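Input: a single structure, listed below in structure tokens.
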Amino acid sequence: MSKGSSHGLRAPGPHRVVVIVDENSNPFELGCATEVFGLRRPELGRELYDFRLCSAEPRTRMRDGFFTLTGVADLAAADSADTLIVPNRPDVEVSRRPAVLDAVRRAHQRGARLVGFCSGAFTLAEAGVLDGRRAAAHWQWADAFRARFPAVRLEADVLFVDDGDILTAAGSAAALDLGLHIVRRDHGAEVANSVSRRLVFAAHRDGGQRQFVERPVPDLPDESLAPVLAWAQERLDSPLTVAELAARASVSPATLHRRFRAQLGTTPLAWLTGERLTLACRLIERGESRLETVARRSGLGTAANLRVVMRRGTGLTPLAYRRRYGAGAG
């Protein structure tokens, strides 16, 4: 979680997410932020975030003049953000407003979490907060980004980068992946899964997956991975192997690897481990305290392996994860 809620500028309450909208901002990423952080979620029985928009001007012309945004808070709202989502836009060579860059710098200095969707990485880099840090940017602008900001450690061809208090997503759709990752980081896998169901969106795509996934029109209608994925998800407690997945899909292991790479941007084993980690997290959140039981039911085998996979995937031990996200936490 960000440290921004401790700066004393507002009363305690739900974690506040503020989005800065600037001239020529992309409506899609604004919509992603609103969907993930701004909607009320009565099915959860609590509000996850206090969400608001702000802008440097009373009227903000959105990308290509699609519409003009009015009626939002002024830029001072950024100073009360626990998480600040910075503006993005297609004209990456045009400098951001000095007032916007100053707001980003102030937020960073007081410990707020910063998020950039798509070309938002340019805003963060221009503000100077990404020097020496890891970041993601859309593959189309990778060369321009490296040339303009050589001090930033750009990670090409990944969906998003979580560098602690600064997170960046590569492209438009990756904004949803990063948004759900943040919800998972803040509230756990069970809540993130609930949000993803409402979005009708994949509950978890790891940030290390490829940005550009080749999706040629299939020659045959049965090349979709959906059936074998659904089959595997119902059997995560079984010792599934890549060979078994391939047999279920009626293809060779090599063909299965190619399809996973083409359709999901990852490997069968990495996908399977990610699904098992998510299930393990949800079991812990639901109150299962016996690590051997969690490991067995999630297919991770032993408590020792569970600890390794959880620490690698969440940065937390099972005990620390239970304390943060388990029943009665928070």
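The values are calculated or read from the model by the stated rules, or taken from the named source; none is laboratory data. Just so it is clear, the structure is predicted and the values come from calculations on it, not from any experiment. Cβ placement follows ideal geometry from the backbone for every residue including glycine, while neighbour counts extend to all protein chains displayed.
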Given the stretch 13-65, what strands (runs of 3 or more DSSP E) lie entirely inside it while holding 3 or more residues that are touching a helix residue (DSSP H, G or I) at 6+ places or on another chain (Cβ under 8 Å)?
15-21, 49-55
Report the residue count in the stretch 161-174 for those that are at pLDDT below 90 and hydrophobic (A, V, I, L, M, F, W, C).
3
Could you list all residues from the stretch 231-250 that are closer than 13 Å to residue 276 by Cα and of a type outside the set (Ser, Thr, Tyr)?
232, 233, 234, 235, 236, 237, 239, 240
For the structure I just gave you, tell me whether residue 265 is over 20 Å from residue 191 (Cα atoms), crowded, with 18+ Cβ neighbours inside 10 Å, at pLDDT below 90 and touching a Lys or Arg at 6+ places or on another chain (Cβ under 8 Å).
yes
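Okay, residues lined up against (1) buried (at least 23 other Cβ atoms within 10 Å of the Cβ); (2) in contact with a helix residue (DSSP H, G or I) (Cβ under 8 Å, 6 or more places away or on another chain):
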| position | (1), (2) |
| --- | --- |
| 99 | no, yes |
| 114 | yes, yes |
| 118 | yes, yes |
| 128 | no, yes |
| 132 | no, no |
| 136 | yes, yes |
| 151 | no, no |
| 160 | yes, yes |
| 164 | no, no |
Among residues belonging to the stretch 227-241 that are over 25 Å from residue 316 (Cα atoms) and surrounded by 17 or more Cβ atoms within 10 Å (Cβ to Cβ), point out the one that is farthest from the chain's Cα centre (by Cα).
240
Expected output for the stretch 176-194 (first residue within 19 Å of residue 29 (Cα to Cα), partner among the basic types (Lys, Arg) and not in a helix (DSSP H, G or I), Cβ below 7 Å, 6+ apart or cross-chain) is 177/205
Do you know which residues across the stretch 242-262 are surrounded by 17 or more Cβ atoms within 10 Å (Cβ to Cβ) and either among the hydroxyl-bearing types (Ser, Thr, Tyr) or outside any helix (DSSP H, G or I) (or both)?
249, 251
Can you tell me which condition residue 93 does not meet? The list is (1) closer than 19 Å to residue 135 by Cβ; (2) within 19 Å of the chain's Cα centre (by Cα); (3) acidic (Asp, Glu), and all the others hold.
(2)
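Every residue, every condition in (1) closer than 20 Å to residue 186 by Cα; (2) surrounded by fewer than 18 Cβ atoms within 10 Å (Cβ to Cβ), yes or no:
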position	(1), (2)
27	no, yes
40	yes, yes
48	yes, no
52	yes, yes
57	no, yes
60	no, no
67	no, yes
I'd like the full set of residues that are part of a helix (DSSP H, G or I) and out of contact with any strand residue (DSSP E or B) (no Cβ under 7 Å at 6 or more places or on another chain), limited to the stretch 66-94.
76, 79
